[in-house]
Amino acid sequence: MYCVRKVTEDLYWVGANDRRLTLFENIHPIPRGVSYNSYLLLDKKTVLFDTVDWSAGRQFIENVEAVLAGRKLDYLVINHMEPDHGASIEEIILRYPEVKIISTEKAFLFMRQFGFSIDGRIEEVKEGDTRCFGKHTVTFVAAPMVHWPEAMVTFDTTNGVLFAADAFGSFGSLDGKLFNDEVNFDRDWIDDARRYYTNIVGKYGPQVQALLKKAGGIDIKMICPLHGPVWRTDLGYFLDKYDKWSRYEPEETGVMIAYASMYGNTEAAANSLATALVERGMTNVVMYDVSKTHVSQLISETFRLSHIVLASVTYNLGIYPVMHNYLMDMKALNLQKRTVAIIENGSWACKSGSLMRDFLENNMKQMTVLDEKVTLSSAMREDNLDEIGALADSIIESMKNK
Ligand SMILES: Cc1cc2nc3c(=O)[nH]c(=O)nc-3n(C[C@H](O)[C@H](O)[C@H](O)COP(=O)(O)O)c2cc1C
Ligand SMILES: [Fe+2]
Ligand SMILES: [Fe+2]
């Protein structure tokens, strides 16, 4: 059975929700599922914007058929060729053999690489090109490396709708609610939106900044992303988040304590530090056991907050493997501009602190590591409490300079 939503008088959401998938891109947990958004414009010509993942193909085809209501499909615009959006292209070609595909040169190359038969139906476009479908005229804007090289966004100059590809997307399935004003985004969606952005697109901050600059020059009234809610009010809220994330600026002054502890002693130091911070008036403190928290969540929180505390045991003369993996992911996603405090622990040759400092200072950009640190020899002792207090003071002091 079809399940669609009207977006504007002649534009329909014909996408699908996936609540069965455990891991997005087979790596990021999505307990709230994900939506694959596709949009169908009924103008003089009929135009489909992107398709959906293969797993959602049946729902998608039923939706497209229902909205077309017997009309043929004239055009398929592909903004992004990653298979979570491009996988159903061939199914569309088979069902609508007259369809012409509008996309970039690189996207057509990828379609061929993925094995699609597209000869005789391609219309290559580049930045600044326009197409008129009747009432609606659209223009194409290149969005290279947001987050694939072929990506573009399409702007409908007639009604101000931006088909934004993966930009402005979010994890989370749409439970009947399509528009941002039908949900409490800041309460129920922002964490998934941040986890989506930081882990999927986070590495490409400069490219997102370039796209935001271009977007600043057009009068966007609505943003139709390929995942998550459609934005039709309060666009500034989400544009501001994107601006901050892509400049690697924290959203909030606060402390994330990420700890790695096998037997609880390093965790005890992390607890003491959290308590010391709160006692000094800094209540925006969150704690994560790196062994129990998916790294995508750690990354998301690292993008959110200004100060990070890394508390790690030494493990076979190295950093605890899960903490090491988190650090590697931070670097891979280009995270910058954070103030970091270190707590280390070792029972015979303590190395984790100096190794973490070295990694932050020499492998990452614009990371400030506080001089003050806490070193435990197996377990917290009374005198460590003074060091914890001094570390809390140093963290609070560094917040004043920001
Ligand atoms: C498998 C293993 C390897 C360790 N390797 C080292 C090491 O190379 N150097 C060291 O000083 N401590 C080492 N430790 C001790 C821990 O760093 C730490 O002092 C101890 O686990 C207590 O902290 P916790 O209660 O937070 O786990 C090791 C512990 C384990 C279980
Ligand atoms: Fe993508
Ligand atoms: Fe996507």
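Every number in this text was worked out from the coordinates using simple rules, so none of it is lab data. Since we're looking at a predicted model, the values are computed, not measured. Counting neighbours? That spans all protein chains shown, and the Cβs are built from the backbone with ideal geometry, glycine included.
Data for the structure
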quantity	calculated
The chain: C-alpha pair distances exceeding 28 Å, %	51 percent
Theoretical gain in end-to-end length, Thr157 to Arg112 [0.36 nm per residue, Cα-Cα removed]	13.2 nm
Extension gain from Val286 to Asp371, taking 0.36 nm per residue of separation minus the Cα-Cα distance	28.4 nm
Fluctuation leader among Leu11, Leu327, Leu94 - the chain, Gaussian network, Cα springs under 10 angstrom	Leu94
Listed residues Leu335, Val374, Phe114: farthest to the positive end of the dipole of the chain (Cβ charges)	Phe114
Whether region 266-305 is rounded, prolate or oblate, judged on the alpha carbon gyration tensor where a/c under 1.5 counts as rounded	oblate
Amide proton proximity set for Glu372, modelled H, under 5 Å, gap of 5+	none
Diffusion constant of region 140-209 at 25 °C, which comes from Stokes-Einstein with the Kirkwood Cα-pair radius and 0.890 mPa s, µm²/s	184 µm²/s
Distant alpha-carbon pairs in region 256-396 (separation over 26 angstrom), percent	13 percent
Label-point gap, in nm, between Tyr237 and Leu94 - each point 7 angstrom along Cα→Cβ	4.2 nm
Near-label residues of region 284-310 by backbone N, under 20 Å of a point 7 Å along Cα→Cβ of Glu249	300-308
Segment Ser55-Ser347, length gained on full extension (0.36 nm per residue, minus Cα span)	100.1 nm
Qualifying chymotrypsin sites (Phe, Trp or Tyr not before Pro) in region 297-402, DSSP loop, other Cβ atoms within 10 Å at most 14	Trp348
Cut-off 12 Å between beta-carbons: net charge of the residues surrounding Asp386, Lys and Arg +1, Asp and Glu -1	-4
Cβ charges +1 (Lys, Arg) and -1 (Asp, Glu), total dipole of the chain, debye	640 debye
Using a Förster distance of 22 Å, the FRET efficiency for Leu385-Asn363 (Cβ separation, nearest 0.05)	0.10
Nonlocal amide H pairs with Val77, under 5 Å, H built at 1.01 Å	Leu48, Phe49, Asp50, Ile102
With Cα atoms, 0 to 90° folded angle of helix 205-216 axis to the chain main axis	50 degrees
Residue of Ser117, Ser38, Ser296 that the Gaussian network model of the chain assigns the largest fluctuation, springs spanning Cα pairs under 10 Å	Ser117
Loop-located chymotrypsin sites (Phe, Trp or Tyr not before Pro) in region 71-141, at most 16 other Cβ atoms within 10 Å (DSSP)	Phe114
Rounded to whole Hz, the Karplus (6.51, -1.76, 1.60) HN-Hα couplings of region 176-186, x for glycine and proline	x, 9, 9, 9, 4, 7, 9, 10, 9, 4, 5
Excluding exposed DSSP-loop GluC sites (Glu not before Pro) (at most 14 other C-beta within 10 Å), longest clean stretch of the chain	128-402
Neighbourhood charge, 12 Å Cβ-Cβ cut-off, centred on Thr154 and excluding it, Lys, Arg +1 and Asp, Glu -1	-3
Of Ser312, Ser378, Ser35, the one that fluctuates the most in a GNM where the chain has Cα springs shorter than 10 Å	Ser378
Exposure proxy ranking, count of Cβ atoms within 10 Å, fewest first, for Phe168, Phe155	Phe155, Phe168
Estimated vicinal HN-Hα couplings, Hz - region 378-384 in sequence order (Karplus 6.51, -1.76, 1.60; Gly, Pro = x)	6, 9, 5, 10, 3, 5, 5
Ascending count of other beta-carbon atoms within 10 Å, so fewest first, for Ser261, Ser394	Ser394, Ser261
Overall form of region 342-402 per C-alpha gyration tensor (a/c, 1.5; a/b vs b/c)	oblate
Nonlocal amide H pairs with Ser170, under 5 Å, H built at 1.01 Å	His227, Gly228
Cα→Cβ-extended label distance, 7 Å offset, between Tyr263 and Lys214, nm	5.7 nm
Charge dipole (the chain, unit charges on Cβ, about Cα centre) - positive-most of Phe238, Ala276, His28	Phe238
Karplus-derived HN-Hα couplings along region 23-32 (A = 6.51, B = -1.76, C = 1.60, θ = phi - 60°), whole Hz, x at Gly and Pro	10, 6, 6, 6, 9, 9, x, 10, x, 9
